[in-house]
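Participant: The structure is given below, and queries will be raised subsequently.
The values are calculated or read from the model by the stated rules, or taken from the named source; none is laboratory data. Computed from a predicted structure; not experimentally measured. Here the Cβ is made from the backbone with ideal geometry for all residues, glycine too, and neighbour counts use every protein chain on show. Calculation scope for accessible area: heavy atoms of the full protein, side chains included, ligands and nucleic acids excluded. Shrake-Rupley method; radii C 1.70, N 1.55, O 1.52, S 1.80 Å.
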Amino acid sequence: MLNNYETVFILNPVLSEDQMKDAVGNYEQLLKSNGAEIINVEKWGLKKLAYPIQHKSTGFYNLVEFKADPKAIAALEIEFKRDERIMRFLTVSLDKHAVEYNNKRRSGAFNKKKKEEAAA
């Protein structure tokens, strides 16, 4: 049984663009090799952290939405813990309402309202 999950992880800000892409690609491959189906990957870019982590005040945020067996989460999180490029990570299980919300968000349903208000 595949469940819906969403993982946000923060990469060290000293990484080059190539190193960052490589890290994200590695985790996508890890998920796929564990039977996960990648639904969406978003690179949110360099953001300021709420508090310093490892003496750093910024980090590269990434989001991966996927369907996977719960066993794949354990493998993913072990790799996150081993990787010194990862400053923080959080994986959450999505219920049907969160999945519906993410589908609407990806299709731009929330952006249209802002555009309509601006046009009025």
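Participant: Starting from segment 83-103, keep only residues that are touching a residue at least 40 places away in the same chain (Cβ under 8 Å) and under 14 Å from residue 23 (Cβ atoms), then list their pairs with residues that are among the aromatic types (Phe, Trp, Tyr) and assigned to a helix (DSSP H, G or I) whose Cβ atoms are within a distance under 8 Å, requiring at least 6 positions of separation or different chains.
Facilitator: Taking only residues 6 or more apart or on different chains, the pairs are 86/80; 89/80.
Participant: Hey, can you tell me all the residues within segment 30-41 that are polar (S, T, N, Q) and either touching a strand residue (DSSP E or B) at 6+ places or on another chain (Cβ under 9 Å) or surrounded by 12 or more Cβ atoms within 10 Å (Cβ to Cβ) (or both)?
Facilitator: Pass one, segment 30-41, residues polar (S, T, N, Q): 33-34, 40.
Result: 34, 40.
Participant: Which one is most open to solvent (accessible area, probe 1.4 Å) among residues in segment 6-29 that are in a helix (DSSP H, G or I) and polar (S, T, N, Q)? So that I can check it myself, show each step before the final result.
Facilitator: First pass over segment 6-29, keeping only residues in a helix (DSSP H, G or I): 17-29.
If we keep only those that are polar (S, T, N, Q) too, we end up with 19, 26, 29.
Working: 19: 89, 26: 73, 29: 110 Å².
Taking the candidates together, the pick is 29.
Participant: Show the residue pairs that are 6+ apart or on different chains and have beta-carbon atoms under 8 Å apart, the first residue being within segment 46-72 and without any contact (Cβ under 8 Å) to a residue 12 or more places away in the chain, the second being surrounded by 12 or more Cβ atoms within 10 Å (Cβ to Cβ).
Facilitator: Here the result reads 48/58; 57/49, each pair linking segment 46-72 to a residue that is surrounded by 12 or more Cβ atoms within 10 Å (Cβ to Cβ).
Participant: Let me ask something else about it. Scan segment 84-100 residue by residue and report those that are closer than 19 Å to residue 13 by Cβ and open to solvent by 30 Å² or more (accessible area, probe 1.4 Å).
Facilitator: Here is the first cut: in segment 84-100, the ones closer than 19 Å to residue 13 by Cβ are 84-90.
Within segment 84-100, 84, 85, 88, 89, 90 meet the criteria.
Participant: Quick one: count up the residues across segment 88-120 that are of a type in the set (Gly, Ala, Ser) and at pLDDT 75 or above.
Facilitator: Step one: list which residues in segment 88-120 are of a type in the set (Gly, Ala, Ser), which gives 93, 98, 107-109, 118-120.
Those left that are additionally at pLDDT 75 or above: 93, 98, 107-109.
Of the residues in that region, 5 qualify.
Residues are listed down the side, and each one gets a yes or a no for (1) in contact with a Leu (Cβ under 8 Å, 6 or more places away or on another chain); (2) crowded, with 18+ Cβ neighbours inside 10 Å; (3) within 21 Å of residue 35 (Cβ to Cβ); (4) aliphatic (A, V, I, L, M):
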| position | (1), (2), (3), (4) |
| --- | --- |
| 53 | no, no, no, yes |
| 56 | yes, no, no, no |
| 64 | yes, yes, yes, yes |
| 71 | no, no, yes, no |
| 82 | no, no, yes, no |
| 102 | yes, no, yes, no |
